[in-house]
Structure formats: structure tokens, C-alpha cells
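Participant: Pasting in a structure now, in C-alpha cells, and then I'll have a few things to ask.
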Amino acid sequence: MNGSNDNAVPGKLFKAMTEATGLLRRPQRALPLIQRLVSDKLHSTFEQRHLCSYTTTKRPSGDALNSLLRWIIDAQRPDGGIAAYYSLLTGYSQSYPEVTGYIVPTLYDFARATGDDRAVSVAESATRWLLSLQIPTGAFPGGLHRGPATHESQPSVFNTGQILQGVVRAHVETNRPEILQAAVAAGDWLIKVQQPDGSWSGPAAYQNAAHTYYSMVARALAELSDDSGDRQYGFAAERNLDWVLSHFRPSGWIDGIDLQGHPNYLHFIAYVLQGVLECGILRQRNDAIEAVAKSSWVLLRKFETNKFLPGAFESDFKNGQHFTCLTGNAQMSCVWLRLFEVTGDLRYLNTALKMNEMLKQLIPTRGGRGIVGGVSGSHPIWGRYQPLRYISWGNKFFADALLLEERLTLAFAASGAFEALRCAS
Amino acid sequence: MRIVILSSSVYSETACAMAVRLCESVHVPVGAIALPAANRGTLLRKLGQWGAKDVIRYARTKLIPQRGEKQAQVRNPYLQPLLKHKGGIFRSLRKVAKCYDFPVVICKDQNSPDSTKQLKAWSPDLIIFTGGNILRKPLLDLPRLGVLNVHLGMLPEARGMSSPEWSLLNDVPVGVTIHYINEGIDTGPILQRCEFPDAARCASLSDLRNRLIAFGIEKAGEVVANLDRGAISATPQSHLDEDRQFFVMHEWLQARASERLTQSQSAAMAGR
């Protein structure tokens, strides 16, 4: 998830005041808040950190997956969009176009894996809502939903790319021409505003700067190229891929996340890796896969050694902060599982299984709507990334990780070995 | 040759068996250093790290041998021939030390100044590591020859944890490697790689581990004898630039490794 462009101090102050007065408006939220704070304090005090912490399955993955999807379905607003988060102070947020977009593939994957048609109807109404938001230029707006799309709506490169993932998948599933038309319009706009070096900067980019985590936009363009058969989107994706790859250091660290006023959250580091990896697989670029493997291995070692991935890092993965970003953890699980699929190296699968065990243990099984099955921004919940909130993109990425786990473990158990994808190096 | 044994506890069966193996081949250690078996500090630290359930299991395994001297069985049945002694069983390193006349010193940390001071006093040619802390450079530099370790996997293919299981899953020969410890994880120079010929006869993964431990102790005894005669030298490991470390295996993969073991049993039966 990208932050909104509204980054001024008065805006931040207003947000903080709204959050703080949430409890005054709905005092009944105090009890779940206190329960969660106490539970996280106890958990972080007696956390199990020995080598075998996450090697045993304490909660079945299917059970956790159902609970995650139930949370997403409950978070759908009457307009069809998915709320960005459930705050322990203020409850559900407004619909969030960006997250609604990239949750669509997860909903279809879940429906395919489980035969649950509710997920398909949620995906269809979410797609209808997204198409209603498209700006006439083809772009999609940034930030939370604030009304119907007009020429004045502020276009956002990153949100357009993220929504494009969902729109492309909706077309693949439904084969409806108006959905493809919307995807092509978004793709054309992205190419139009792309810089000659392959990056995206300017007014439609967050903080007007180019960011390496926009590799997720490149991934969406690569998917559009495959779906539409139009190679120009693939070439645009590779231009960005080349630009992002030039920011990988020999240590595995990636420069150019460049979020002013924010630390380098694991969520954004994992975005870069996911975008480059998926784009690399689609475009059969071994250089991209190898670069991701190198960075991912650094994080794998950190998780295996410390049983913990810090929620934010400084340059070269130094000075990790003392909270964990659960969304980033789930994204890394997805990256490791895909690397296992690509390379056949079982160590990636092993670490992803352990990461999923850790995340399953942190999903609430008790509480009200918005809490049960929710993935909090940070652990402990007062950590710096999205404090006191259960965030929909956390659910999306963890559901993706569990769906991948199920698919890959079934394939491995059936064959007894794993045949790497054709793009494997 | 002056040999010192490092052990994770005075009740470590592996350390006891290793000491007996050395003593029987006329290489009686000059001493042994063991970590405390179970004290309040260890239990509190482990309570924080492991949680109550695992601490109870740990305490049970550490305390039962103290009371259970009369017990006839050992946890690893393949060590029983070495641990048998005058109708009883060596259950503690202290008992082995008393029988063969060498001192045992308890230290809270094998890298501690107390431990280093004691080691300097013994001036060992060789230290044999059977468990305990991650060893730091000052200790590694102390013995004339080095610190020897028995790794339950073939190096450099299977560095790190869960080596027998990873070997099965990755179609790498199961075996042990006798090597010197350096500052890396299982990256030190190799003295001997020994493929284990009976993997297909193992009933389970724990059976395989137990057999490998006994096999490793036997091979370590041979290596020590060869070192004493000057008939063996260490070879630096290849592929040090590649990260070949493996980590503790998740139970789902362990189950797959177990299936591989069963398959190899079936193949061996069919081949007979």
C-alpha cells in the first residue's frame, strides 16, 4: 500500500486527532483494544525464540485461510470497495481503490482453491466499483475513496498499477471486453507517463519522486502484455525492471525506495522483490530472478537466525527495528515460495512454512468483526507500521502465501520432487 | 596426545560415549568441560525462550538421569555398547572420568574466561566438541591442532541443522564428517567424510540420527588415532563462497524426508 499524497503536517495532525477521538465516539471499542494490548505485551514478553519455534503446525493452514478470507469479505463496503483497515480506535475505514484492485486476484485464487463462490461475487462487485473510478485519461485515483471519478481526480501511478493487476485478472476470469478496455486504457496511461529511463516520477508519483517499489507497476504491465497479447506493455515493464535492477547493491540491499518521512519498511522492500520477481518470471529474465534470490536470502538468513524479521531497516539491512511488519513477512513468504517454485531449492519452502506458522499464530481467533481473522499492521500492535489497525492488504498477502503453500506442497507431495519453472536459472 | 572434551552437560550420552571411545583406544582425555545440566538461571532463560511446555520437557530429560541411575536403557540404544560398564551404564561424564581418571570442570559458558583459563592450564593438542555454545576465536585458537567436531552430514553439501533430513530430501549421501571448527557454521577444514552404509536399514528419522551419532563417535575415534600417528591431515572445504547452510526443518518437510527413508528401505528390500 502506498501512502496518500496528502502528507502535509496539518493533514497528519487531523488524522491523529480523528484516531484519538475514535474511542470517545465509540467507547465500546476500549475493551478489544485493551485485550489486544495486553495479549501482545504478554506474547512479546514470553515469545518463543528458540530454533524450533515455528517447525510444528499448531493451526491448520486451511482454517487460517478461511478466516483471512472471511475478514476480507466482511471488509467489503456497500459501494463494492474493500476497506483499507479496521482500526481498534475508529473501526472500518472507507473503501480503498488500490487494495481493492490487488485483492481481486486473491479472491479468484481462493474461489478456485476452495470452490467458495462468495469470493467470486465479492471480486465481481469490487471490479464493477473499480471501473467506475477510472479517470477518463485511463488512470486510477490515489488515496481513500472520496467520490466519483472526474477530470479533477488526482491520478496515481502506483495505484493504477496495483488496480491494473485486479482488472487484468478480472478479464482473464470473465473475458468481458469492457474490462479489457479499461485495463488497456490504464496500461496506455502508464506508458504515457513513464520516464525515458523506465521509472515513474512527477506529479502522479508519490512525493513526486521515482521509487523502486513501483516494480509492482511493471509486474501489472507484464501481466497486461500476456493477457492482451500487446508486446508494448511488456517492453515498458522491462524498461522499469532494468531501472529497478540498477538499484540493487551487491549486499542485496535495494536503493531508491525513497519515502520521505518514513523508514524503509519491510513492506516496501518486499514490494520491490515481489514486483521484480513476478515481472522477471513473466518476462523470463534470469537476471531479475537472481537479484531477487540474493536479496531474499539475506532476509531468509535473518529470519532463520533470529526467528524474527525487523519491521524496518536502514541501508544494507542494518539497524533493524524492534517490531515486525506482518504484511512484509507475508510478502516475503510469497517471495520465498515463488523462488522455491522457480529454483526448486527446498530451503525457501522450509522458511516460508515456518513464516506461515508464525503468522498463523498471530491471527486473532476471538473477538468481533474486523478483529477475528485480521492481520495487524505491526506486531506488537503498537509497532510503527499501521499501529492499532488490522489492514486488508495484510490479509491479502497472507492469504496469497497460504494459497501458494497449499498449491506447492500438494505438487511436491504428489511428485516427490519439484520441477522448476522453465525460466529457472 | 592431550585431548579435552567439551560437552553440553555432564549427562550428555554423546559426550560420555565419546570419552569412553577415546579411553578405550588409549587416548584418555586430560580433562572435560561441561555446561551446567539444569540450574535456576538456565531454566529461567529457557522459560523466556522456549515457553513452559518445552522447559518441562527439557527439565525432565535433564533431571531423570540424576535419579535414574538404576535405569538399564539409554536414550540412544546404539551407544549402549560403549556406555555399558560393570553391569551398569555410564550416565554421567563424572562417572566416566572417575573410572578413567580425568577431571571434569563445570563452566557456565565454554567461551568464558574461567573455561579458557582451565583450557590453557591443560594445554590441549586437540579439543573434541560434543555440544554446547557457539565457540569463539580465542577458544578455537587454543589447541595445537584444533577443535574437532562430528557433523551429522556430508560437508560441504549439508552444512547447518537437520543435516540427515536435508540429505534425504536433496538426494545427498547420508553420512558424517569429522572436521575442525572455524568461525563459520560447519565451514572448517575436513579430516574425514564417511558415508553411512546402513541408512536404508533405519526404521525412522530418529533411528537414523541415533545410528549416525554412534557411527560418528566410532569414526572420530579412528580420526584421533590417525592424527596421533600423523597419518591424516585436514583439507580446506570447497564451495565456501556459496551459501550451503541449511536450517531446522519444518515438520511437513520432515514427513517427506521420512517418506524418502521408507522408500529407500523398500528399494533395499526389493534389491535383496
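The values are calculated or read from the model by the stated rules, or taken from the named source; none is laboratory data. Just so we're clear, the structure is a prediction, and the values are computed from it rather than from any experiment. When we count neighbours, we look across all protein chains shown, and the Cβ atoms used for this are built from the backbone with ideal geometry, even at glycine. Surface accessibility is based on the protein's heavy atoms, side chains included, excluding ligands, DNA and RNA. Shrake-Rupley method; radii C 1.70, N 1.55, O 1.52, S 1.80 Å.
Participant: Based on this model, can you work out whether B:G188 counts as part of a loop (DSSP other than H, G, I, E, B) and in contact with a Phe, Trp or Tyr (Cβ under 7 Å, 6 or more places away or on another chain)?
Facilitator: yes
Participant: Hey, could you check the stretch A:244-261 for residues that are in contact with a helix residue (DSSP H, G or I) (Cβ under 8 Å, 6 or more places away or on another chain) and of a type outside the set (A, V, I, L, M, F, W, C) and say which is farthest from A:Q162 (Cα to Cα)?
Facilitator: The extreme case among them is A:S251.
Participant: Considering each of A:R366, A:R407 in turn, give the residue that is on the phi < 0 side of the Ramachandran plot, basic (K, R), open to solvent by 10 Å² or more (accessible area, probe 1.4 Å) and part of a helix (DSSP H, G or I).
Facilitator: One residue alone meets the criteria, A:R407.
Participant: Output yes when any residue across the stretch A:198-211 is open to solvent by 40 Å² or more (accessible area, probe 1.4 Å), small (G, A, S), modelled with pLDDT of 95 or more and in the same structural domain as A:N175 (by TED's automatic domain parsing), and no when none is.
Facilitator: Looking for residues that are open to solvent by 40 Å² or more (accessible area, probe 1.4 Å), small (G, A, S), modelled with pLDDT of 95 or more and in the same structural domain as A:N175 (by TED's automatic domain parsing), one finds none in the stretch A:198-211, hence no.
Participant: If you take the residues in the stretch A:222-263 that are among the aromatic types (F, W, Y) and over 22 Å from A:T174 (Cα atoms), which one is most open to solvent (accessible area, probe 1.4 Å)?
Facilitator: A:F235
Residues are listed down the side, and each one gets a yes or a no for (1) on the phi < 0 side of the Ramachandran plot; (2) away from chain B (no Cβ under 14 Å); (3) under 16 Å from the mean Cα position of the chain (by Cα):
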position	(1), (2), (3)
A:M332	yes, yes, yes
A:V335	yes, yes, yes
A:L346	yes, no, no
A:L349	yes, no, no
A:E357	yes, no, no
A:G374	yes, yes, yes
A:Y385	yes, yes, yes
A:L388	no, yes, no
A:W393	yes, yes, yes
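Participant: Follow-up. Here's a check for you: in the stretch A:340-363, which residue that is assigned to a loop (DSSP other than H, G, I, E, B) and out of contact with any strand residue (DSSP E or B) (no Cβ under 7 Å at 6 or more places or on another chain) is least open to solvent (accessible area, probe 1.4 Å)?
Facilitator: Going through the qualifying residues, I end up with A:I363.
Participant: Could you go through the stretch A:65-83 and let me know if any residue there is open to solvent by 30 Å² or more (accessible area, probe 1.4 Å), within 14 Å of chain B (Cβ to nearest Cβ), more than 21 Å from A:F323 (Cβ to Cβ) and in a loop (DSSP other than H, G, I, E, B).
Facilitator: Within the stretch A:65-83 (the criterion being open to solvent by 30 Å² or more (accessible area, probe 1.4 Å), within 14 Å of chain B (Cβ to nearest Cβ), more than 21 Å from A:F323 (Cβ to Cβ) and in a loop (DSSP other than H, G, I, E, B)), the answer is no, since none of the residues qualifies.
Participant: Moving to a separate point now. Could you identify the single residue in B:P143, B:P138, B:P113, B:P156 that is modelled with pLDDT of 95 or more and not aromatic (F, W, Y)?
Facilitator: Just a single option satisfies the conditions, and that option is B:P143.
Participant: It is to be established whether one or more residues within the stretch B:168-181 are in contact (Cβ under 8 Å) with a residue 60 or more places away in the chain and open to solvent by less than 70 Å² (accessible area, probe 1.4 Å).
Facilitator: yes
Participant: Just to verify a result, which residue in the stretch A:310-330, among those that are in contact (Cβ under 8 Å) with a residue 40 or more places away in the chain and either among the polar types (S, T, N, Q) or within 14 Å of another protein chain (Cβ to nearest Cβ) (or both), is nearest to A:T106 (Cα to Cα)?
Facilitator: Among those residues, the one meeting the criterion is A:T327.
Participant: Now for a separate question. Out of curiosity, is A:F397 on the phi < 0 side of the Ramachandran plot, open to solvent by less than 30 Å² (accessible area, probe 1.4 Å), in a helix (DSSP H, G or I) and at pLDDT 95 or above?
Facilitator: yes
Participant: Another question about this same structure. Check the stretch B:56-64 and report whether any residue there is at pLDDT 90 or above, open to solvent by 20 Å² or more (accessible area, probe 1.4 Å) and either under 19 Å from B:N133 (Cβ atoms) or of a type in the set (A, V, I, L, M) (or both).
Facilitator: No - not one qualifying residue is present in the stretch B:56-64.
Participant: Residue by residue through the stretch B:222-265, note down the ones that are open to solvent by 50 Å² or more (accessible area, probe 1.4 Å) and within 14 Å of chain A (Cβ to nearest Cβ).
Facilitator: B:D241, B:E242, B:D243, B:R244, B:E251, B:W252, B:Q254, B:E259, B:T262, B:Q263, listed by residue number.
Participant: Do we find that A:A111 is over 16 Å from the mean Cα position of the chain (by Cα), among the hydrophobic types (A, V, I, L, M, F, W, C), in a helix (DSSP H, G or I) and surrounded by fewer than 20 Cβ atoms within 10 Å (Cβ to Cβ) in this structure?
Facilitator: Yes; evaluated as a whole, the condition is true for this residue.
Participant: Give the residue that is surrounded by the fewest Cβ atoms within 10 Å (Cβ to Cβ), with candidates limited to residues of the stretch A:318-330 that are assigned to a helix (DSSP H, G or I) and touching a strand residue (DSSP E or B) at 6+ places or on another chain (Cβ under 9 Å).
Facilitator: Top of the filtered list is A:G328.
Participant: Okay, moving on. Considering (1) open to solvent by 40 Å² or more (accessible area, probe 1.4 Å); (2) touching a Phe, Trp or Tyr at 6+ places or on another chain (Cβ under 9 Å), say which one A:N306 fails and leave the rest.
Facilitator: Here A:N306 meets the rest and fails (2).
Participant: Please indicate, with yes or no, whether at least one residue in the stretch A:84-102 is surrounded by fewer than 17 Cβ atoms within 10 Å (Cβ to Cβ) and under 17 Å from A:G373 (Cα atoms).
Facilitator: For the stretch A:84-102, residues surrounded by fewer than 17 Cβ atoms within 10 Å (Cβ to Cβ) and under 17 Å from A:G373 (Cα atoms): present.
Participant: All but one of (1) under 26 Å from A:E405 (Cα atoms); (2) modelled with pLDDT of 95 or more; (3) surrounded by fewer than 18 Cβ atoms within 10 Å (Cβ to Cβ) hold for A:G161; state the number of the condition that does not hold.
Facilitator: (3)
Participant: Turning to a different aspect of this structure: Would you be able to say whether some residue in the stretch B:33-46 is touching an Asp or Glu at 6+ places or on another chain (Cβ under 8 Å), on the phi < 0 side of the Ramachandran plot and modelled with pLDDT under 75?
Facilitator: Checked against the condition, which is being touching an Asp or Glu at 6+ places or on another chain (Cβ under 8 Å), on the phi < 0 side of the Ramachandran plot and modelled with pLDDT under 75, the stretch B:33-46 yields at least one hit.
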